[in-house]
Amino acid sequence: MRIERGSRSGRGFFLPNLFRRSATEWCNVWLLAAVAAAPHFACESAGRPTDAGSSFEDGGRTDGFSEAAPDSGEVADPDGEMIEGGADEGGDVSSPDGSVDARTELVWRELARQETTRLVSGGVWDGRLYAGTHLGGASAIYDYPPFREQQVFGGESVLDFCAFAGTLFSSHENGPRIYRLTGDSWELAHDHGSGWVYMFFLTVFRGSLWATGGTAEFVGLLESTDGSTYAERAVLPGWNWLPVVYRDLLYVVGHDGAAYSPEPASGYASPDGIRFDRVEALTGGPEYQCACVWRDELFLGTGGWTNDRGNDASARIYVFDGMNRTEVFATDRNGVTDLIAFRGRLYATVDSGWERPEGDSRLYESVDGTTWSIVRTFPDPELRHMETLGDDTLVVYGGRAGDYGVLYAGE
């Protein structure tokens, strides 16, 4: 899941505060003043799909997704005022002092598509993209370029990827198994019996590979120092299944109670992966389903993986500083499915819900972790994951359950 993804260097885009005007206003200024030397500031909308300058091979279609809806064109700044733009027609969302311009410079296109089921996980290794599917009894891993079905597995889903020990590992929900990328194929690295049903997520902590797994009643943790041998280190109460490393502690978050029970969010922390303490500040609200460390703060997204699948208002983003948790984003959508840092900004995917047959999904961005704007609305009911290829490309994974999977590239 590459949850600790916020350490990449960002590239800002700066404009004076006086440029925070609508395109129409600037066109009027130009016509009245007839200033030929005015700065470049196009009156047309930005961010239309194009393949120009792409670092990928031709991904085919560029249609099927749209700019954000006009009704999302206002974003609150930290002082509570409404700033126009940001989501409508590729407008800009500037900080109050004008020092930061968060206008999205990404040009989007559909990168690849398969006609089987949605893509729920992803990874990057040696310049290639990897994607895992959720399809009962026939989960698969795809890679790109070119886009192809690389290998089919039993089990329900490929839930996560993690780079470790000079290669890429994947976790498989029903098995429960961990696979290792060897050359152009995947070989079994670990098959964990001992009463476990699932293998969930992976992370690297203190030089070891850690995996969460278990049953619908509990979640355990495995540690491997070499990727080949695995040992059980801890068992946590409730459905706390998502690991994230923050300030040299291993956090595991999710929700209280068994899977699919209507219990609140919860979290635990450990200095060694063995001794865990409950973090009371992380208790309450919808379940956690994604995380990202950015600017020395832990951002947590909530929503419908298990106990909130039927809740259309469970999408939240919290920021945690090691002591206190603060809500910084909420919308009447089912869930925040992923968080990632890219070009000095924080991005979040928000979709219509787990296995929803209809609806769309949205990509949000923030320059400060507090103020959020819609970058783009996609026609897919589920967007489940994001990856970055250096500083050049943001890749979004999604699709529809039992129908199709899709990759979008923003460059």
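What follows draws every value from the coordinates through simple rules; no lab data is involved. Just so it is clear, the model here is predicted, and its values are computed rather than measured. Heads up, the Cβs are rebuilt from the backbone with ideal geometry, glycines too, and the neighbour counts pull from every protein chain shown.
At q = 0.10, 0.11, 0.16 Å⁻¹, what is the base-10 log of I(q)/I(0) for the stretch 108-410 according to the Debye formula with one equal point scatterer per Cα and no solvent? Please give it to two decimals.
-0.48, -0.59, -1.42
Size of the dipole of the stretch 231-297 about the Cα centre, Lys and Arg at +1 and Asp and Glu at -1 on the beta carbon, nothing else charged, in debye to 20?
100 debye
Could you work out the relative contact order of the stretch 108-410? I mean the mean sequence separation of Cα pairs under 8 Å and 6+ apart, divided by the number of residues, in percent.
It rounds to 14 percent for the stretch 108-410.
Normalising by the residue count of the stretch 225-331, find the relative contact order in percent from Cα pairs under 8 Å and 6+ residues apart.
Here the relative contact order equals 18 percent.
If I stretch the segment between D391 and L188 completely, what's the gain in nm (0.36 nm per residue apart, minus their alpha carbon distance), one decimal?
Fully extending the segment from D391 to L188 adds 69.8 nm.
About the Cα centre of the stretch 198-270, what is the dipole size in debye to 20, counting +1 per Lys and Arg Cβ and -1 per Asp and Glu Cβ, all else neutral?
About 180 debye.
With each label point set 7 Å from Cα along the Cα-Cβ vector, what nm distance links T370 and T215?
It is 4.7 nm.
If Lys and Arg each add +1 and Asp and Glu each add -1, what is the summed charge of the other residues whose beta carbon sits under 13 Å from the beta carbon of E263? Kindly include the intermediate steps, with their values, before the conclusion.
Values: positive: none; negative: E217, D256, E287, D308.
Every neighbour counted, the sum reads -4.
When the convex hull of the C-alpha atoms of the stretch 283-411 is computed, what volume per residue in Å³ does it have?
Dividing the Cα hull volume of the stretch 283-411 by its residue count gives 95 Å³.
For R148 and S228, FRET efficiency with R0 = 30 Å and r from the beta-carbon atoms, rounded to 0.05?
That pair, S228 with R148, gives E of 0.60.
Which far-off residues, 5 or more places away or on another chain, put their amide H under 5 Å from the one on A291, with H placed in the peptide plane?
Under 5 Å from the amide H of A291 lie the amide H atoms of G301, L339, each far enough along the sequence or on another chain.
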